[in-house]
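Asker: Shown below is the structure under consideration.
The values are calculated or read from the model by the stated rules, or taken from the named source; none is laboratory data. Keep in mind it's a predicted model, so treat the numbers as computed, not measured. Cβ placement follows ideal geometry from the backbone for every residue including glycine, while neighbour counts extend to all protein chains displayed.
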Amino acid sequence: MSEPASTRKPDPGRCRVCGNDVVKFLDLGRQPLSDAFLTPKDIGHEFFYRLAVGFCADCTMVQLMEEVPRERMFHQDYPYHSSGSSVMREHFAETARRFLETELADTDDPFIVELGCNDGIMLKTVRDAGVRHLGFEPSGGVGRLAASEGIRVREDFFEERTAADVRGREGTADVIYAANTLCHIPYMDSVLRGVDTLLAPNGVFVFEDPYLGDIVERTSFDQIYDEHFFFFTARSVGEMARGAGLELVDVERLPVHGGEVRYTLARAEARPPSPAVAALLAEEAERGLADPGTLEAFANRVARHRDDLVALLRRLRAEGRTVAAYGATAKSATVTNYCGIGTELVAFVSDSTPAKQDRLSPGMHLPVVPPEVFAKARPDYALLFAWNHAEEIMRKEEDFARDGGRWILYVPEVRVV
Ligand code: SAM
Ligand code: TMP
Ligand code: ZN
């Protein structure tokens, strides 16, 4: 058995999928960990790394140039709670229902394994159906929330070694599923060998992550941060699958989290690919998503959006307006640190997550406060960091707009609404 994936030192500048050269096209500078919300005693002890993105000319995979050690990001105090959004709760209930009606309906004793089950947002529905399941969740705090609700959780990273262990104890899985998690895992070689070991002969490996096509189209550069190591396309996922004896057999675009794609992989030649695969591949070719020029143009737009946003915030402050922010997202670490948005431009950030409240945002140290404080303070403007939850948040905060408050958005363009 090979050593755990995390202990092997990666070769910088080498593609983590195919091993060829990765060429940098965007540098967002020195950045803190995106989910490391600080207490005052943490100031001065923050971990920083270089956030730059590159492109593999061989397999086309877009990826970070530097890996942050996984234990720094995913640990007991990992603060992201998936169930904080009602839209996402419904999305994952529907996802689980679909598995239960299709892949998990055809076998006697179906088994589904989830990577990054977090607080159990998806597996809850599987548990209710009495179907055998296991959630991998290395972040103990959120994993325990799932376990306390009767969901089976293994507090561990998914990789070749842990996958083989599950296979030995519990047999093969009909579905291996990962939402907003596969793109978090740089040691893809180990993960794919783990999938190969654990997946049933006719099983499926399904994952959904932010789609490079949407990121480029919307210039949503804040999708780039320590935890998001890979930025997938149908083309790059297809190449990755091929290299692992798997095949991309279906794709589905999803509206959640600012635009994602759900990819379905099966063992090579086990299932015919759906027409959606060829259609998305053709669309990507047409858009030039694998052309370096497209990515360079994206990088130029990123710099322009930064300049536009900073100019707007400076103007508002010069006019004496009060500005706060909404949603202490991991994404906002990139925006605030890349644009240099500190308390002189934005007074505080409102967030509903208890684990983030009364802390300071990573790097720029904006105070994070509960929504009640936001409601009371009634700033003139609110910079919406959680733009991917815009509808849900604007509905919740309709009093703010009714009383004359204005939202500032920066995706796909900087604008006030
Ligand atoms: N699936 C949930 C969702 O979509 O809301 C949670 C997504 S959260 C952004 C990513 C999760 O992946 C974290 O809870 C983290 O602890 C977990 N994770 C990170 N590396 C992992 C690995 N190697 N195996 C399994 N889970 C992992
Ligand atoms: P996400 O974009 O990574 O899902 O993070 C969303 C953040 O926004 C998370 O910290 C929770 C917060 N949030 C609110 O404060 N109020 C809300 O209504 C929603 C949906 C999210
Ligand atoms: Zn490559």
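Asker: Can you report the number of residues in segment 168-225 which are assigned to a strand (DSSP E or B), closer than 29 Å to THR334 by Cβ and of a type in the set (Gly, Ala, Ser)?
Answerer: Qualifying residue count, segment 168-225: 2.
Asker: Go through segment 66-92 residue by residue and tally those that are within 14 Å of ligand 2 (Cβ to nearest atom), β-branched (Val, Ile, Thr) and part of a loop (DSSP other than H, G, I, E, B).
Answerer: Total satisfying the criteria: 0.
Asker: Report, by residue number, each residue of segment 179-212 that is under 24 Å from PRO69 (Cβ atoms), in contact with an Asp or Glu (Cβ under 7 Å, 6 or more places away or on another chain) and not β-branched (Val, Ile, Thr).
Answerer: Going through segment 179-212, the residues under 24 Å from PRO69 (Cβ atoms) turn out to be 179-195, 207, 209-210.
From what's left, in contact with an Asp or Glu (Cβ under 7 Å, 6 or more places away or on another chain): 179-180, 182-184, 186-187, 190-191, 193-194, 209-210.
Selection gives ALA179, ASN180, LEU182, CYS183, HIS184, PRO186, TYR187, SER190, ARG193, GLY194, ASP209, PRO210.
Asker: Quick one: in segment 118-141, which of the residues that are under 16 Å from the mean Cα position of the chain (by Cα) and farther than 16 Å from GLU94 by Cβ is surrounded by the most Cβ atoms within 10 Å (Cβ to Cβ)?
Answerer: Only one residue fits best here, namely GLU137.
Asker: Scan segment 317-357 residue by residue and report those that are touching a residue at least 60 places away in the same chain (Cβ under 8 Å) and part of a loop (DSSP other than H, G, I, E, B).
Answerer: Let us first name the residues in segment 317-357 that are touching a residue at least 60 places away in the same chain (Cβ under 8 Å), namely 321, 323, 325-335, 337-338, 352-353, 355-356.
Scanning segment 317-357 gives ARG321, GLY327, ALA328, THR329, ALA330, SER352, THR353, ALA355, LYS356.
Asker: Additional query: For segment 362-373, does any single residue satisfy the condition of being under 18 Å from LYS41 (Cβ atoms) and surrounded by fewer than 20 Cβ atoms within 10 Å (Cβ to Cβ)?
Answerer: The answer is yes, given that some residue of segment 362-373 is under 18 Å from LYS41 (Cβ atoms) and surrounded by fewer than 20 Cβ atoms within 10 Å (Cβ to Cβ).
Asker: Next up: So PRO412 fits all but one of (1) farther than 25 Å from ALA36 by Cβ; (2) within 15 Å of ligand 2 (Cβ to nearest atom); what number is the exception?
Answerer: Failing condition for PRO412: (2).
Asker: Also: What are the pairs with Cβ atoms under 8 angstrom where one residue, in segment 86-113, is free of Cβ contacts under 8 Å to residues at least 40 places away in the same chain and the other, located anywhere, is among the charged types (D, E, K, R) and within 13 Å of ligand 1 (Cβ to nearest atom)? Sequence gap at least six, or different chains.
Answerer: Filtered contacts from segment 86-113: ALA93/LYS124; ALA96/LYS124.
Asker: Has segment 17-29 got any residue that is modelled with pLDDT of 95 or more, within 16 Å of ligand 2 (Cβ to nearest atom) and either buried (at least 16 other Cβ atoms within 10 Å of the Cβ) or over 20 Å from PHE231 (Cβ atoms) (or both)?
Answerer: Among the residues of segment 17-29, not one is modelled with pLDDT of 95 or more, within 16 Å of ligand 2 (Cβ to nearest atom) and either buried (at least 16 other Cβ atoms within 10 Å of the Cβ) or over 20 Å from PHE231 (Cβ atoms) (or both), which makes the answer no.
Asker: Write out, first by first residue and then by second, each pair whose Cβ atoms fall under 9 Å of each other, whose residues are 6+ apart or on separate chains, and whose first residue, in segment 222-251, is on the phi > 0 side of the Ramachandran plot while the second is modelled with pLDDT of 95 or more.
Answerer: Pairs found: GLY245/LEU192; GLY245/ASP196; GLY245/ARG267; GLY245/ALA268.
Asker: So which of GLU114, GLU46, GLU103 is touching an Asp or Glu at 6+ places or on another chain (Cβ under 7 Å), at pLDDT 95 or above and acidic (Asp, Glu)? It would help to see each step written out before you state the result.
Answerer: Values: GLU114 fails: touching an Asp or Glu at 6+ places or on another chain (Cβ under 7 Å); GLU46 fails: touching an Asp or Glu at 6+ places or on another chain (Cβ under 7 Å).
Every option except GLU103 fails the conditions.
Asker: Continuing with this model, one more query. Could you check, for segment 144-161, whether at least one of its residues is more than 13 Å from ligand 1 (Cβ to nearest atom) and in contact with a Leu (Cβ under 6 Å, 6 or more places away or on another chain)? Before you say what the answer is, go through the steps one by one.
Answerer: Of the residues in segment 144-161, the ones more than 13 Å from ligand 1 (Cβ to nearest atom) are 147-150, 152.
Checking the rest, the ones that are also in contact with a Leu (Cβ under 6 Å, 6 or more places away or on another chain) come to 152.
Yes, segment 144-161 has at least one match.
Asker: Can you tell me which residues in segment 93-116 are under 13 Å from VAL175 (Cβ atoms), not in a helix (DSSP H, G or I) and not charged (D, E, K, R)?
Answerer: THR102, LEU104, ALA105, THR107, PRO110, PHE111, ILE112, VAL113, LEU115
Asker: Across segment 101-131, what is the number of residues that are under 19 Å from VAL153 (Cα atoms) and out of contact with any strand residue (DSSP E or B) (no Cβ under 9 Å at 6 or more places or on another chain)?
Answerer: 6
Asker: Looking at THR334, THR343, THR322, can you tell me which residue is of a type in the set (Val, Ile, Thr), surrounded by fewer than 16 Cβ atoms within 10 Å (Cβ to Cβ) and in contact with a helix residue (DSSP H, G or I) (Cβ under 8 Å, 6 or more places away or on another chain)?
Answerer: Among THR334, THR343, THR322, only THR322 is of a type in the set (Val, Ile, Thr), surrounded by fewer than 16 Cβ atoms within 10 Å (Cβ to Cβ) and in contact with a helix residue (DSSP H, G or I) (Cβ under 8 Å, 6 or more places away or on another chain).
Asker: Ok, one more. Looking at the structure I just gave you, is LYS396 over 21 Å from the mean Cα position of the chain (by Cα), loosely packed, with under 14 Cβ neighbours inside 10 Å and either at pLDDT 95 or above or over 28 Å from GLU217 (Cβ atoms) (or both)?
Answerer: On the way: over 21 Å from the mean Cα position of the chain (by Cα): yes; loosely packed, with under 14 Cβ neighbours inside 10 Å: no; either at pLDDT 95 or above or over 28 Å from GLU217 (Cβ atoms) (or both): yes.
Taking the combined requirement at face value, the residue does not satisfy it.
Asker: Only one residue in GLU391, GLU372 is part of a helix (DSSP H, G or I), within 12 Å of ligand 2 (Cβ to nearest atom) and under 23 Å from ILE215 (Cα atoms). Which one? It would help to see each step written out before you state the result.
Answerer: Values: GLU372 fails: under 23 Å from ILE215 (Cα atoms).
The conditions single out GLU391.
Asker: Can you name the condition, by its number, that LYS356 falls short on among (1) within 14 Å of ligand 2 (Cβ to nearest atom); (2) more than 17 Å from TYR225 (Cβ to Cβ); (3) of a type in the set (Lys, Arg)?
Answerer: (2)
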